[in-house]
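Encoded as structure tokens, the structure appears first; notes follow it.
Where a number appears in this text, it was derived from the coordinates with a stated rule and is not lab data. Worth saying up front: this structure is predicted, and the values here are computed from it rather than measured. So basically every Cβ, Gly included, is an ideal-geometry build from the backbone, and we count neighbours across all protein chains shown.
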């Protein structure tokens, strides 16, 4: 195992659903605290961390559209859900003494600062954890796309996708006992096989910017730090 982390700067993407824990809705503070603890551990290793969190535990814009509502309004509501989750994670990180700032793609200065690429990189250079809220600020784009976009904008060495399982499988391992697990796979193969680790726009954006995607279980305490140091369980999606 290397003496220093494999990556200098990373973007961590966590789903909003991950924050629910065993609940059916909302935020389980113990889960947020665990994710914050893993981020704090990464910072202690000297890794600069940016974070994007989804909003599915609060609201999903596509749910409005599926019932005949306005998709744009629904997506705006979903963006507000990501702000709620981002503020919750910042609270947990601050409890641990980690200097953290939330930057929102939607201007709401009473709650947090507005996103700019220049400000984001300045904060990361200063050692702060930066949480990117509000998705891309545009409807029809998922927070996966926001994560790939922010990873490119901050010059991240890797995009860490925290999921419910410990890597990329040929099919859902919870439904298919014969699912094949990949240790390594290319962006192109993920797109070709239609593997649903992130949406196609996010995968394509990561591929174009040569950003590897590391897929791991967000629920394994300490897993983030282990992978950063070359251990742990994960699948690497990278150019051949």
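Details
- Difference of contour (0.36 nm per residue) and Cα-Cα distance, residue 44 to residue 192: 49.5 nm
- Highest-fluctuation residue, 187, 210, 178 considered, GNM on the chain with Cα pairs under 10 Å: 178
- For the chain, the mean residue ellipticity at 222 nm estimated from helices alone is -11500 deg cm²/dmol, where every DSSP H run of n ≥ 4 contributes -39500 (n - 2.57) and the total is divided by all residues, rounded to the nearest 500.
- FRET efficiency for the residue 125 to residue 23 pair, using the beta carbon distance and R₀ = 41 Å, is estimated at 0.65.
- Of 159, 191, 89, the one that fluctuates the most in a GNM where the chain has Cα springs shorter than 10 Å: 191
- Shown for 140, 216: other C-beta atoms within 10 Å of each C-beta, ranked fewest to most, produce the order 140, 216.
- Working from Cα pairs under 8 Å separated by at least six residues, relative contact order for region 23-141 is 30 percent.
- Three-way shape label, the chain, alpha-carbon gyration tensor, a/c 1.5: rounded
- Gained length - residue 201 relative to residue 107, 0.36 nm times residue gap less alpha-carbon distance: 31.4 nm
- The slack in the chain from residue 30 to residue 171, taken as 0.36 nm per residue of separation less the alpha-carbon distance, amounts to 47.8 nm.
- Three-way shape label, region 115-213, alpha-carbon gyration tensor, a/c 1.5: prolate
- Sequence of 172, 166, 75, 199 once ranked by neighbouring C-beta atoms within 10 Å, starting from the fewest: 172, 199, 166, 75
- Based on C-alpha pairs under 8 angstrom that are at least 6 apart in sequence, region 9-237 has a relative contact order of 22 percent.
- Which of 82, 235, 163 has the fewest Cβ neighbours within 10 Å, and the rest in rising order: 163, 235, 82
- The alpha carbon gyration tensor of region 15-147 gives principal lengths a ≥ b ≥ c with a/c of 1.5 or higher and a/b no greater than b/c, which makes the shape oblate.
- Simple spin-label estimate for residue 96 and residue 6 in nanometres, 7 Å along Cα-Cβ: 2.0
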